[in-house]
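To start, the structure itself, in structure tokens.
The values are calculated or read from the model by the stated rules, or taken from the named source; none is laboratory data. Computed from a prediction, not measured in an experiment: that's the story for all the values here. Please note: Cβ atoms are built from the backbone with ideal geometry, for glycine as well, and neighbour counts cover all protein chains shown. Just so you know, the surface numbers come from the protein's heavy atoms only, side chains and all, with ligands and any DNA or RNA stripped out. Shrake-Rupley method; radii C 1.70, N 1.55, O 1.52, S 1.80 Å.
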Amino acid sequence: MKPLPRRLLFLGLPAALVVMVVLALRPEPVRVETAPVRRGPLAVSVDEEGETRIHHRYVISAPVAGTLKRIALHEGDEVAAGQVVAELDPLPLDARSRREAEARLAAARAARREAEAGIATAKAAHDEAARTLERLGRLAAEGVAAKDDLDRAETAARQGASELEAARFRAEAARYDVESARAALLEAAAGGVIPLRSPVAGRVLEVCEECERVVAAGASLVEVGDPAELEVVVDVLSSDAVSIPLGAPMQLSSGGLGATPLAGRVRRVEPSGFTKVSPLGVEEQRVNVIGDFVDPPAGLGDRYRIEAKIVLWQAEDVLKVPAGALFRAGEGWAVFTIENGRARQRAVTLGHRNPDEAELLAGLREGEEVIVHPRDRVADGGRVEVR
């Protein structure tokens, strides 16, 4: 072979050196992870912890001052409606005590009249809700009424039935209060023992005063209720409470009840909030959301901890993108896709969102890959390498 000309050798060495320097200084591609844009179900919810409580509870108290006999009942014992749960030996009534007892009897009678009037009001509201539901049911079957209107009517009917039941319970409890106040007044004058009875069938929730001792008028003695009438109380941020509609589905879970959540529905969002300090020491305005079990479970009791997912919106088939791929670009949202080994910024239009995924309205097609959790080194046009 003929040796290369000296001049060609001198020209080739600098060019090779330049190429080596460029390759050495060329930035390494950024290693990234990707995820596909796909279709599937999506739900937006408010996730909080709450507790169960018995919807109708009744506290049996001392109608007058006297000596309470020892209560033999314990928490969890079953009681029947009208069963004697405590006995009170009243102290002799002086003129002042008699006037107070007569005033309590008058107040109990007024409360009973108010409760009985409440039954009529609740029944009228329930009947109106039932008629509306029946009418919308016929229209929905003919394809005239919207499904949302029918869902709201079903929620109103359930709420009306619950309010009617509560009104009847209040009237029954008020009737027992009248009987207790009347018996207290008569037995105190005659010197007999006053039997205190349970107004409802259920279980003993709490024995407030177990030992024999002198108690004042109005002292709480026994609390009873029906464990089958469980409801759920969940406190949420007030900013979330404004977006929770009545009848919203709830997914309820508690340790020991299995992996499948229990179904529930929102019955009431309380109109008044309260201040609560978070575990981080931040004051938050929160609101209680009351829900009912669709099928009350057998293993839960009063004031059990429960995890609640209140569904605000859901759909079974939407185009969605991982929330970790999204970042702000001016006033809108954007993602990075990969084209020929380089990152390309794409503007997207979003719909509903949850912490994990977002509904994609425009900007990408199903099956396209997006960069998840892009690092600061990822830039539009920069070289990237998929891990």
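The slack in the chain from V59 to V193, taken as 0.36 nm per residue of separation less the alpha-carbon distance, amounts to 46.3 nm.
Helix 6-25 and the longest principal axis of the Cα set of the chain meet at an angle near 0°. Note on C211 and R131: the model spin-label points, each 7 Å out from Cα along the C-beta direction, lie 6.0 nm apart. Over the residues of the chain, the helix contribution to mean residue ellipticity at 222 nm works out to -10500 deg cm²/dmol, using -39500 (n - 2.57) for each DSSP H run of at least 4. Between A145 and A166, the distance separating the two model label sites (each 7 Å from Cα on the Cα→Cβ line) works out to 2.4 nm.
Cβ under 10 Å from I54's Cβ, I54 left aside: what net charge do those residues give with Lys, Arg +1 and Asp, Glu -1?
So the surrounding residues net to -1.
Extension gain for the segment R375 to T121, taken as residue separation times 0.36 nm less the Cα-Cα distance, is 85.2 nm to one decimal. A simple rule links phi to the HN-Hα coupling: the Karplus curve 6.51 cos²θ - 1.76 cosθ + 1.60 with θ = phi - 60°, which for region 318-333 gives 10, 7, 9, 10, x, 5, x, 8, 8, 8, 6, 9, x, 8, x, 10 Hz, with x for Gly and Pro.
Using a probe radius of 1.4 angstrom, the carbon and sulfur fraction of the accessible surface of the chain is 53%. For the residues T52, T132, T155, a GNM of the chain with alpha-carbon springs under 10 Å puts the largest fluctuation on T132. Take the Cα of E114, step 7 Å toward its Cβ, do the same at K276, and the gap between the two points is 2.9 nm. Mind checking the angle between helix 95-141 and the chain's longest principal axis? C-alpha axes, 0 to 90 degrees, to the nearest 10. In the chain, helix 95-141 runs at an angle near 50 degrees to the longest axis. Would you mind counting up the charge near K276? Only other residues with Cβ under 10 Å from its Cβ, with Lys and Arg at +1 and Asp and Glu at -1. Surrounding charge for K276 is -2. Among the GluC sites (Glu not before Pro) within region 327-372, those in coil by DSSP and having at most 14 neighbouring Cβ atoms inside 10 Å are E331, E366. Residue ranges 309-317, 142-150 sort as 309-317, 142-150 when ordered by packing (mean number of other C-beta atoms within 10 Å per residue, highest first). In region 211-319, taking the dipole from charged Cβ atoms about the Cα centre, the farthest positive-side position among L230, G291, A219 is held by A219. In the context of the full protein assembly, R268 retains an accessible surface of approximately 70 Å², using a probe radius of 1.4 Å and ignoring ligands and nucleic acids.
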